[in-house]
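K.L.:
Have a look at this one before I ask anything.
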Amino acid sequence: MTYPSGTEGGFDARALWRQQRDRWHHLPERTRTTIVLVVQVLIVLLLLPWWWGFAVLLAIFFALYWIPEDLAVPLGTRKLRVRAFVTPLVALALAILYPYVRDHIDSLPGVGPWPQMDTAVIMTVYAMMAVGLNIVVGYAGLLDLGYVAFYAVGAYTAAWFASVQFAKQNIHFGSVGVGATVPGIHISVWILLILAGIVTAFIGVVIGLPTLRLRGDYLAIVTLGFGEILPQVARNGDNLGGFNLTNGPNGITPIDPPGFGKTLHDATGGALPDNYLALADRNKAYFYTGVVLLAITVFASLRLRDSRLGRAWIAIREDEIAAAAMGIPLMRTKTWAYASGAFFGGVAGAFFASFKSSTFPNDFSFNISAFILSMVILGGMGNVWGVIVGGAVLAYLNQEGLANIGAKLGIADVPLYASGIFGAILVIMMLLRPAGLLPSARVRAELEEGVHDQPLYDASG
Amino acid sequence: MSASASTEALPTRWVPRVGLLPAIGLFLVLLVLVWLGVNLVKEPSAFAATFLDGLTLGLVYGLVALGYSLVYGILELINFAHGDVFMLGSAISFGVATNWFSLHDTNSLGKLIPALIATLAMAMIVCACLNATIEFVAYRPLRSAPRLAPLITAIGMSFFLQNVGLRFIGSAPVSVPNILSHKAVFSIGGHEYRWYQLIVGVSTLPVLFGLVYLVQQTRQGKAMRATAQDQDAAAMMGINVNRTISFTFFIAGALAGVAGLLYAIYTTNIAYDQGFTLGLIAFTAAVLGGIGNLPGAVLGAVLIGLIQQFNEGLSWHAPGSDWTQSIVFSILILILVFRPEGLLGERTPEGG
């Protein structure tokens, strides 16, 4: 009789993977550096004749890879780490250049053309949501399966205060492209972005207070419950005791566009658009707005991570009991994580609603929650840059990439199976590379060396 | 909780204090009871008919809920993919019953019974093997990983299976022909209780009793209970933990197969996304009864089935079917907030 192989028996793709990776790590430093360099040069050279745009993009990122991580230049009393400073600037520059170069840079290998401008806008929105969810899942380690609820609250906040939904009111404040006689509440979309964030953060606290006491998987299922309830409320909300709150399945449309108004437009010599909808290349304006919002989100997310609160989140993720013993108030810290994550979800939702000029209850299914979660997992939990890449790539695939691939392979209904493909990605990623494509070093250590141990019970309970 | 534990130790406390949370919980339960009572008085026959419908539906939910409870009991994992295994069970039953046997309620009993048994066996075996395979591929390699890792693969698996169903069923719901007779058994004040409902409801009972026997009385059941308590200790006692876990998934899958067939007969249509919705309802039932507790899962499922039917069938101030999902999830949230151990569960550190 063989002794049972305990908990680690059976098909173990991870063990094989780990073994191969260890072999790689045991090669001498010089050999590894040379191999990496040769491979990178080969990749770029091979791609150059066919997809030169993509090859140049890769070359730029490969170049960033070779900046030593600890290289720093003195700046006043502080030291400026070159790589950490240059990488975001390069990414931002690439994003700013994108609308101008898109038509001149061939296509993406194996997929098709580079993303359309409207897809690019959606990519920034999803990247924002993924960064927001990353605060909850990646930093604080709370699995939230109902993130779409925050997105919905944000979208509906924008819809209520920038449309004709409440036709009995007639409130105008800084809105653009809406005549003064148009009924309804019309408030400037810029204000609404912030308002949506605040409202959503408040909803996050309301949802979080009773549920955050629960342990990991129970919390996941409760958030999933909220994620199902809120869209249903939106669907049935055309007659809440006789009051039409959400216009039911018909959704609220149109929603006012963003814009800076005539005064700012003239004052800046036309640099800031008067009204986005009136522009010929409005997707470019939306894209830049999305990039700015994403940049703000990333900045806030990184600063939060390094703050006292962020370190408390990471401590809770790693070991709740130890964190509580060190004097971290569990409930308050977790609630803050929820509120912060919700804030960005709300802002993204409001911006998205204004971009689409509509919001429907069917936009907020569980698929979207799982989709955003896939972005975080694919990119690498806890690593903002990885999450942005994950968000952009998956949003692109969902929006047009899968259709392009399907067309290339001659299969018509690939996009129909998008959620199945993302599901398979989730499974394969968890099995082979649980820390994501661009993992944060700390999460990788937890996931692969078993440092992390889910606490048995909530120490505050 | 720790605060109340320390205050209980004080000898000076004479009057038992009712906490705010239990008071609110009791108030909510009372509210529901009053609503039910008024409905009973206003329309007793509709109430009775709805009650029977709910009971039948609840028993079918119970089969799915047991699958969640079994797996949760042994691995402490919410097997999200379970609902989709159930959906595939429905799809397979539909395919076998209508495409192979072209069953219909006009068939003679001599054809109907063997064909139904063959369909049932087919659905059970396929679902059982599928569920065990899912465990082997997606959960076993992650058994020592943090708990969220298998939960995420479970969600991924769920979506994957849902798309397999989408491939076979298509995106629109498919209606299933009446396989069992839709003639009335008896009627209560104009509300008929039909044969297919009776047969579906009654046929869940031997499955439930068989499962209880398996878990409580057999050697394999003992191994399952031991593994659920402590995997390492069970392994030291000579129990093959991996095989026991595989067996548990196998049984859970077989239950999902039975439920799939019965559900297809009962609702007379199948959809590729029924697994997600019903899976969540069944999970709520399992939590309501006390997850990991088998009689609790059935009790919870019957309660959820009743609540759903009362909500959709009663006339006095019932929110109606638009709100069913919201009500079920609200129950889930309320249960987790007020009594995380469920109705029959024991208070464990994990529950809070």
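The values are calculated or read from the model by the stated rules, or taken from the named source; none is laboratory data. Please read all numbers here as calculations on a predicted model, not as lab measurements. Glycine gets a Cβ as well: all are built from the backbone with ideal geometry, and neighbour counts include every protein chain shown.
K.L.:
Please list, ordered by residue number, the helices (runs of 4 or more DSSP H) wholly in the range B:209-312 having 2 or more residues that are under 18 Å from B:L66 (Cβ atoms). Show your work before the answer.
P.N.:
Values: elements: B:219-229, B:231-236, B:241-267, B:274-289.
Passing ranges, in order: B:219-229, B:241-267, B:274-289.
K.L.:
Applying the selection to the range A:352-363, what residues are at pLDDT 90 or above and under 19 Å from the mean Cα position of the chain (by Cα)?
P.N.:
Across the range A:352-363, the qualifying residues are A:F352, A:A353, A:S354, A:F355, A:K356.
K.L.:
Among the residues of the range B:186-208, write down those that are farther than 23 Å from B:L299 by Cα, not charged (D, E, K, R) and not in a helix (DSSP H, G or I).
P.N.:
B:F186, B:S187, B:I188, B:G189, B:G190, B:H191
K.L.:
Here's a follow-up. Take the residues in the range B:228-248 that are under 22 Å from the mean Cα position of the chain (by Cα) and β-branched (V, I, T), then tell me which one is nearest to B:N131 (Cα to Cα). Lay out the reasoning, then the answer.
P.N.:
We begin by selecting, within the range B:228-248, every residue under 22 Å from the mean Cα position of the chain (by Cα); these are B:228, B:244-248.
If we keep only those that are β-branched (V, I, T) too, we end up with B:244-245, B:248.
Numbers: B:T244: 14, B:I245: 11, B:T248: 9 Å.
Top of the filtered list is B:T248.
K.L.:
Somewhere in the range A:132-151, is a residue touching a residue at least 24 places away in the same chain (Cβ under 8 Å) and either acidic (D, E) or in contact with a strand residue (DSSP E or B) (Cβ under 9 Å, 6 or more places away or on another chain) (or both)? Before the answer, list the steps.
P.N.:
The first filter runs over the range A:132-151 and keeps only residues touching a residue at least 24 places away in the same chain (Cβ under 8 Å), leaving A:132-151.
Next, from what is left, pick out any that are either acidic (D, E) or in contact with a strand residue (DSSP E or B) (Cβ under 9 Å, 6 or more places away or on another chain) (or both): A:144.
Looking through the range A:132-151, at least one residue is touching a residue at least 24 places away in the same chain (Cβ under 8 Å) and either acidic (D, E) or in contact with a strand residue (DSSP E or B) (Cβ under 9 Å, 6 or more places away or on another chain) (or both).
K.L.:
List every residue pair whose Cβ atoms sit under 7 Å apart, with the two residues 6 or more apart in sequence or on different chains, where the first one lies in the range B:266-285 and is closer than 23 Å to B:N178 by Cβ and the second, anywhere, is part of a loop (DSSP other than H, G, I, E, B).
P.N.:
Qualifying pairs under 7 Å: B:T268/B:V176; B:T268/B:N178; B:N269/B:P173; B:N269/B:V176; B:I270/B:P173; B:I270/B:V176; B:A271/B:P173; B:Y272/B:S171.
K.L.:
Then there's this: Specify which of the listed residues (B:R147, B:R167, B:R194) is surrounded by 15 or more Cβ atoms within 10 Å (Cβ to Cβ), within 12 Å of another protein chain (Cβ to nearest Cβ) and charged (D, E, K, R). Let's see the steps before the verdict.
P.N.:
On the way: B:R167 fails: surrounded by 15 or more Cβ atoms within 10 Å (Cβ to Cβ); B:R194 fails: within 12 Å of another protein chain (Cβ to nearest Cβ).
The unique qualifying residue is B:R147.
K.L.:
Specify which of the listed residues (B:T248, B:T218, B:T277) is out of contact with any strand residue (DSSP E or B) (no Cβ under 9 Å at 6 or more places or on another chain) and farther than 27 Å from A:L214 by Cβ.
P.N.:
Details: B:T248 fails: farther than 27 Å from A:L214 by Cβ; B:T277 fails: farther than 27 Å from A:L214 by Cβ.
Of the residues listed, the single one that is out of contact with any strand residue (DSSP E or B) (no Cβ under 9 Å at 6 or more places or on another chain) and farther than 27 Å from A:L214 by Cβ is B:T218.
K.L.:
Within the range B:124-135, does at least one residue satisfy the condition of being surrounded by 20 or more Cβ atoms within 10 Å (Cβ to Cβ), facing another protein chain (nearest Cβ under 7 Å) and touching a Phe, Trp or Tyr at 6+ places or on another chain (Cβ under 9 Å)? Don't jump to the end; show me each part of the working.
P.N.:
Step one: of the range B:124-135, the residues surrounded by 20 or more Cβ atoms within 10 Å (Cβ to Cβ) are B:124, B:126-128, B:130-132, B:134-135.
Filter once more, keeping what is facing another protein chain (nearest Cβ under 7 Å): none.
Within the range B:124-135, not a single residue is surrounded by 20 or more Cβ atoms within 10 Å (Cβ to Cβ), facing another protein chain (nearest Cβ under 7 Å) and touching a Phe, Trp or Tyr at 6+ places or on another chain (Cβ under 9 Å).
K.L.:
Something else now. Quickly run through the range B:226-236 and pick out the residues that are at pLDDT 90 or above and more than 10 Å from every other protein chain (Cβ to nearest Cβ).
P.N.:
Correct list: B:A226, B:T227, B:A233.
K.L.:
A further question follows. Within the range A:71-84, restricting attention to residues that are exposed (fewer than 14 other Cβ atoms within 10 Å of the Cβ) and within 28 Å of the chain's Cα centre (by Cα), which residue is farthest from A:V298 (Cα to Cα)?
P.N.:
So in the range A:71-84, the residues exposed (fewer than 14 other Cβ atoms within 10 Å of the Cβ) come out as A:71, A:73-80, A:84.
Next cut, within 28 Å of the chain's Cα centre (by Cα) only: A:80, A:84.
On the way: A:L80: 19, A:A84: 13 Å.
Among them, the one singled out is A:L80.
K.L.:
Further question on the same structure: Quick check on the range B:77-88. Is at least one of its residues among the polar types (S, T, N, Q), within 16 Å of B:A264 (Cα to Cα) and either surrounded by fewer than 19 Cβ atoms within 10 Å (Cβ to Cβ) or within 14 Å of chain A (Cβ to nearest Cβ) (or both)?
P.N.:
Let us first name the residues in the range B:77-88 that are among the polar types (S, T, N, Q), namely B:79.
Going one step further and asking which of them are within 16 Å of B:A264 (Cα to Cα), we end up with none.
No; the residues of the range B:77-88 include none that is among the polar types (S, T, N, Q), within 16 Å of B:A264 (Cα to Cα) and either surrounded by fewer than 19 Cβ atoms within 10 Å (Cβ to Cβ) or within 14 Å of chain A (Cβ to nearest Cβ) (or both).
K.L.:
Of all residues in the range A:278-300, how many are surrounded by fewer than 17 Cβ atoms within 10 Å (Cβ to Cβ) and touching a Gly at 6+ places or on another chain (Cβ under 8 Å)? Don't jump to the end; show me each part of the working.
P.N.:
Start the filter on the range A:278-300 by keeping residues that are surrounded by fewer than 17 Cβ atoms within 10 Å (Cβ to Cβ), which leaves A:278-281, A:292, A:295-296, A:299-300.
Still in the running and touching a Gly at 6+ places or on another chain (Cβ under 8 Å): A:278.
Residues flagged as surrounded by fewer than 17 Cβ atoms within 10 Å (Cβ to Cβ) and touching a Gly at 6+ places or on another chain (Cβ under 8 Å) within the range A:278-300 amount to 1.
K.L.:
Just give me the residues in the range A:193-217 being touching a Lys or Arg at 6+ places or on another chain (Cβ under 9 Å), assigned to a helix (DSSP H, G or I) and more than 9 Å from chain B (Cβ to nearest Cβ), in sequence order.
P.N.:
A:G208
K.L.:
Conditions: (1) within 14 Å of chain A (Cβ to nearest Cβ); (2) in a helix (DSSP H, G or I); (3) closer than 30 Å to B:G190 by Cα. B:H317 meets all but one. Number of the miss?
P.N.:
Among (1) within 14 Å of chain A (Cβ to nearest Cβ); (2) in a helix (DSSP H, G or I); (3) closer than 30 Å to B:G190 by Cα, B:H317 violates only (2).
K.L.:
Can I ask one more? Could you tell me which of the residues A:A152, A:A220 is in contact with a Pro (Cβ under 7 Å, 6 or more places away or on another chain), part of a helix (DSSP H, G or I) and closer than 27 Å to B:T277 by Cα? Break it down stepwise before answering.
P.N.:
Values: A:A220 fails: in contact with a Pro (Cβ under 7 Å, 6 or more places away or on another chain).
After ruling out the rest, the residue left standing is A:A152.
K.L.:
Which one of the conditions (1) within 12 Å of another protein chain (Cβ to nearest Cβ); (2) over 24 Å from the mean Cα position of the chain (by Cα); (3) of a type in the set (S, T, Y) does B:T153 fail to meet, given that it meets all the rest?
P.N.:
(2)
K.L.:
How many of the residues in the range A:253-304 are aromatic (F, W, Y) and over 30 Å from A:V137 (Cβ atoms)? Explain how you work it out, then say what you get.
P.N.:
Filtering the range A:253-304 down to residues aromatic (F, W, Y) leaves A:260, A:276, A:286-288, A:299.
Add one more test, that the residue is over 30 Å from A:V137 (Cβ atoms), and what stays is A:260, A:276.
Total meeting the criteria: 2.
K.L.:
Quick one: which residue in A:L304, A:L264 is surrounded by fewer than 16 Cβ atoms within 10 Å (Cβ to Cβ) and part of a helix (DSSP H, G or I)?
P.N.:
Values: A:L304 fails: surrounded by fewer than 16 Cβ atoms within 10 Å (Cβ to Cβ).
The match here is A:L264.
K.L.:
Just to be sure, is B:L214 over 30 Å from A:F422 (Cα atoms), more than 14 Å from every other protein chain (Cβ to nearest Cβ) and modelled with pLDDT of 85 or more?
P.N.:
Details: over 30 Å from A:F422 (Cα atoms): yes; more than 14 Å from every other protein chain (Cβ to nearest Cβ): yes; modelled with pLDDT of 85 or more: yes.
Considered against the rule, which asks whether it is over 30 Å from A:F422 (Cα atoms), more than 14 Å from every other protein chain (Cβ to nearest Cβ) and modelled with pLDDT of 85 or more, B:L214 comes out as yes.
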